[in-house]
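Just so it is clear, none of the values below were taken in a lab; they were calculated from the coordinates. Because the structure is predicted, anything quoted here is derived from the model rather than measured. Cβ sites come from the backbone with ideal geometry, for glycine too, and all protein chains shown count toward neighbours.
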Amino acid sequence: MKFSLLPLALLPGALAFPAICPEGLKELKRRGVSEAAIPRLLHKRAEEAKLGKRATFSAAAQKVDVTGPHKFVPPNFAAGDQRGPCPGLNALANHNYLPHSGVADMATIIEATNKVYGMSLDLGGFLAVYGTVFDGNPLSLNPGYSIGGPSTASQNILGGLGLLGQPNGLTGSHNKYESDASPTRGDLYLTGNNFAVQLPQFQQYYSALKAVQGKSSDEQYQGLLQFRIDRFQHSVKNNAYFFYSPFSGVLVSPAGFSFPKAMMANHSAEYPDGTLSLNVFSSFFGVSGQEGKFIYKEGNERIPDNWYRRPIGDDYSIPSFLVDVLDHGAQYPPFLDVAANVNGPNTLAPVDLSDLTGGVFRTGGLLEGNNLECFVLQSIMAAQPDILGSFFLDVKSATRPLTNNIQTQLAGLACPQLNKYDTTLFQKYPGYQRSGGAV
């Protein structure tokens, strides 16, 4: 499961990064990003064009079954079914690719996300292990987690070995997995709800996507940049507890914008690379009705009929995701800052990465080489014992699956050694204190 951005660094500098405006270029330089590094920050589509890679479409191989045992069945919340902040996982449970209860073991989650969405085993494996360690129970015989909130099924299926209390699930993972500035979900401390679609936000997303209909999914991702900037700035200006942490902020928050174009887009002979139509988008987010009269049914995310996943063999991998993260980050550098409001709304104050890491990483340096993944992975390693100490009798055993996964990935990156991770710098942030820590 090793990954690296090294292949990008080897590409000729003649391929320019798309759509970097003069202001963005100036900001990159102000943050200490060298001019030599900027041409290497290529969008995945530019990389594929240079290498001559072309997606091929196979209707028989790519069509996803939504009939028979995989027909749509809405959740029965009265019976304890769980649905949460991730529309993709909710849809898998509604179509019985995950248990309909919404509580699943790691192996099932990895298999389902790969089979249905074309999420690679490296990315799916890392996210499943991370979710299990922070939101489920890694010490049970069948380690896994709830895709929603706490559930009795978490205890019955996962077991309670070494667990102090009940697993929180993804809904209870604020600032550890789930984050502020979501495209369709509200900030927890603004709306009191971090798992239900907020229709005004959905309308904004819909409008941004409407403007790029008929384009490839990667072009659509570029068209969503301003919408993402607006969502980020809205959280900063309104959420006194806004906190943008190394993992849930810098790395996971972009997934809400890149995962739909990468793994919900429909593929065809006309669009072998995929395109995300408004109808497909609405179905995956559980929204029906006409524009201006949208209706949202909580937990009713649905895989559309006649929907074709990513080409077989072209899975959405960790390197692909990192390119997407750096893509938006290079055009709007605050996306790569660890930052939070310090004294009420609109008082954003970034953390100095040099102070946080004892000089190993610096603010503005995450765009260069392998620094982004080196920093985030080592930050998780440093933070997990303190955050999980109150959840498990044996913290070392509980964190071992994630530690082993991260060490395997770090082995191929030649990362600088992170010996200091000063979380006391986060103490001044109300959002950090209220969440009881963050990753």
> Based on the Cβ-Cβ distance from residue 393 to residue 354, what FRET efficiency comes out when R0 is 35 Å, to the nearest 0.05?
Replying inline: 0.45
>> If each residue of separation counts as 0.36 nm, what is the full-extension length gain between residue 291 and residue 65 once their alpha-carbon separation is subtracted?
In response: 78.5 nm
>> If I take R0 = 30 Å and measure r between the Cβ atoms of residue 400 and residue 420 in this structure, what FRET efficiency does the formula 1/(1 + (r/R0)^6) give, to the nearest 0.05?
In response: 0.85
>> Taking 18 Å as the cut-off for C-alpha to C-alpha distance, list the pairs among 63/115; 71/293; 210/261; 71/115; 215/261 that go past it.
In response: 71/293
